[in-house]
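Just below is one structure, and these are the notes that go with it.
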Amino acid sequence: QRRRRKRRNKKFCTDTGKRRRERVESSLSITNMNSKNNQVSSVEEAPDLRSVLVTSVMNLEKLDTDLYRGKHHWIPRSQRLFGGQIVGQALVAAAKSVSENFFAHSLHCYFVRAGDIKVPVLYQVDRTRDGRSFCVRSVKAIQHGQPILICQASFHMHQPSPLQHQFSMPAVPPPEDLLTVEELIQQYLSHPDLAENAKQGLNKLLANEVPIEIKPVNPPDFYRRVAVEPKKLFWVRARGYIGEGDMTMHCCVAAYVSDYSFLGTALLPYPDYRAQFSASLDHAMWFHSTFRADDWMLYECESPWAGCSRGLVQGRLWRQDGVLAATCAQEGVLRVKTVTESKL
């Protein structure tokens, strides 16, 4: 009996210690989870974004060495392949052929044909050069046996330098003080004197799910048909949570984001005209510093020139702490028609 009591006491102590350890491990797990939640508002956001941008839109299937296929498209209202997606996927394909200690620092792309939303896109990578400090990759995005985009991407091994300078970030309200595009549209829809056709147009905008969030700095200039300088500012970020560490993925998502609402900057001085046909001709991007594409960044866009049915736009992506993260440039076709009556 004494031996049985000893065994019961020993089991009780073992079980009690086990439960105590489980409680400690549980509390540590909760602490770690809470620290992660300081970066993401809810756990559900992580799989939400990864299903849209990381594991879907930016996820490529490997078919062979340096040959990939993109099957998932985000389709804008134009019902054409989104240029930013093709640029982002081309950079994903190029990055798969370089070692982890090389990072994308620039890309230059030409859009040579319109994309077909009904078929996948093949990405063929050519290893143009492998150097000690720089690697260069050429990528063709192909549909129906013909290239729709030609991309040159360069990768650089980090090298410290005493030469460091940048422009100053514009002084603007923080993103916490501004409304998203969806919230602004809801405000416009609440106006009692809003025309019915305007309501239909705004509801179509709401129904078009975009995998990025935008907060215009100056909503009246952003939406109303009044002549303004060809400049605009808006905060932008990828929806949900991507996480730290994978700088290559953040660059690819930033390339996707950089093409959104970019060429329209050239139309801002012309309220009496709207685009009858617009298409990107080329797109260039330079990455200057580390950043997170799922954090708010200020997109500063301007158009220094327009003419001959073309427009040139330039952009800068700023981190919230004032560091210049990336610079963009694009030229596109802009064929316009006269606006007879304002919709708003």
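The values are calculated or read from the model by the stated rules, or taken from the named source; none is laboratory data. The structure displayed is predicted, hence computed values, not measured ones. Ideal geometry is used to build each Cβ from the backbone, glycine not excepted, and the neighbour counts take in all protein chains shown. All accessible areas refer to the heavy atoms of the entire protein, side chains included, with ligands and DNA or RNA removed. Shrake-Rupley method; radii C 1.70, N 1.55, O 1.52, S 1.80 Å.
What list of ³J(HN,Hα) couplings, whole Hz, do you get for segment 324-336 from phi and the Karplus terms 6.51, -1.76, 1.60, once you set θ to phi - 60° and write x for glycine and proline?
Going residue by residue, I get 6, 8, 7, 10, 10, 8, 7, 10, x, 7, 9, 9, 10 Hz, with x marking Gly and Pro.
List, in order, the whole-Hz ³J(HN,Hα) value for each residue of segment 119-127 obtained from phi through the Karplus relation with A = 6.51, B = -1.76, C = 1.60 and θ = phi - 60°; use x for Gly and Pro.
Once rounded to whole Hz, the list reads 10, x, 10, 8, 10, 9, 9, 10, 7.
What does the charge dipole of segment 81-225 about its Cα centre add up to, to the nearest 20 debye, if the Cβ of each Lys and Arg holds +1 and the Cβ of each Asp and Glu holds -1?
About 780 debye.
In segment 286-344, which GluC sites (Glu not before Pro) fall in coil by DSSP and have 13 or fewer other Cβ atoms within 10 Å? Could you put the intermediate results ahead of the total?
On the way: sites: Glu300, Glu302, Glu331, Glu341; in loops: Glu341.
Passing sites in segment 286-344 are Glu341.
Which trypsin sites (Lys or Arg not before Pro) from segment 121-151 combine a DSSP loop assignment with at most 12 other Cβ atoms within 10 Å? All intermediate terms of the calculation are to be shown ahead of the outcome.
Working: sites: Arg127, Arg129, Arg132, Arg137, Lys140; in loops: Arg132.
Here the sparse-neighbourhood loop sites are Arg132.
Starting from the amide H of Ala326, placed 1.01 Å from N in the peptide plane, find each other amide H under 5 Å away whose residue is 5 or more places distant or on another chain.
Here His288, Leu317 satisfy the definition.
Once you have a ≥ b ≥ c as the square roots of the Cα gyration tensor eigenvalues for segment 270-344, tell me rounded if a/c is under 1.5, and otherwise prolate or oblate according to whether a/b is larger than b/c. Could you put the intermediate results ahead of the total?
Numbers: a/c = 3.16, a/b = 1.94, b/c = 1.63.
In terms of gyration-tensor shape, prolate.
With θ taken as phi - 60° and the coefficients 6.51, -1.76 and 1.60, list the Karplus ³J(HN,Hα) couplings across segment 202-217 in order, rounded to whole Hz; mark glycine and proline as x.
Each residue's phi maps through the Karplus curve to give 5, 5, 5, 4, 5, 6, 7, 6, 10, x, 10, 10, 10, 10, x, 6 Hz.
Quote the charge dipole size of segment 222-344 about the Cα centre in Debye, to the nearest 20; the model charges only the Cβ of Lys and Arg (+1) and of Asp and Glu (-1).
For this selection, approximately 500 debye.
Residues of segment 252-291 with backbone nitrogen within less than 15 Å of a virtual label 7 Å along the Cα-to-Cβ line of Thr128, please, listed as ranges.
283-286
Over the heavy atoms of Thr128, what accessible area does a 1.4 Å probe trace out, to the nearest 10 Å²?
The value for Thr128 is about 70 Å².
Mind scanning Lys118/Lys204; Lys62/Lys215; Lys62/Lys118 and naming the pairs with a C-alpha gap bigger than 26 Å?
Correct reply: Lys62/Lys215.
Compute from the Cα atoms of segment 138-287 the Rg and the Dmax, the latter being the longest Cα-Cα distance, and quote both in angstrom.
Gyration radius and largest Cα-Cα distance of segment 138-287: 19.0, 60 Å.
Let me spell out the model: positive unit charges on the Cβ of Lys and Arg, negative unit charges on the Cβ of Asp and Glu, origin at the Cα centre of segment 273-331. What dipole size does that give, in debye rounded to 20?
In debye, rounded to 20, segment 273-331 gives about 140.
So for segment 256-307, what percent of the C-alpha to C-alpha distances run longer than 17 Å?
Value for segment 256-307 (Cα pairs over 17 Å): 47 percent.
With the Cα gyration tensor of segment 82-217 giving a ≥ b ≥ c as the square roots of its eigenvalues, does the rule (a/c under 1.5 for rounded; else a/b larger than b/c for prolate; else oblate) give rounded, prolate or oblate?
Oblate, because a/c is 1.5 or more while a/b does not exceed b/c.
Could you work out the mean projected area of the convex hull around the alpha carbons of segment 170-215, in square nanometres to one decimal?
It is 4.3 nm².
Collect residues whose amide H, placed 1.01 Å from N in the peptide plane, falls under 5 Å from the amide H of Tyr273; neighbours closer than 5 in sequence don't count.
So Tyr273 has HN proximity to Val339.
Roll a 1.4 angstrom probe over the protein heavy atoms and tell me the percent of accessible area of segment 165-292 that is carbon or sulfur.
For segment 165-292, the apolar C and S fraction of the accessible surface comes to 51 percent.
If amide H atoms are built 1.01 Å from N in the plane of the peptide, which residues on other chains or at least 5 residues away come under 5 Å of the amide H of Gly115?
Long-range HN contacts for Gly115: Leu81.
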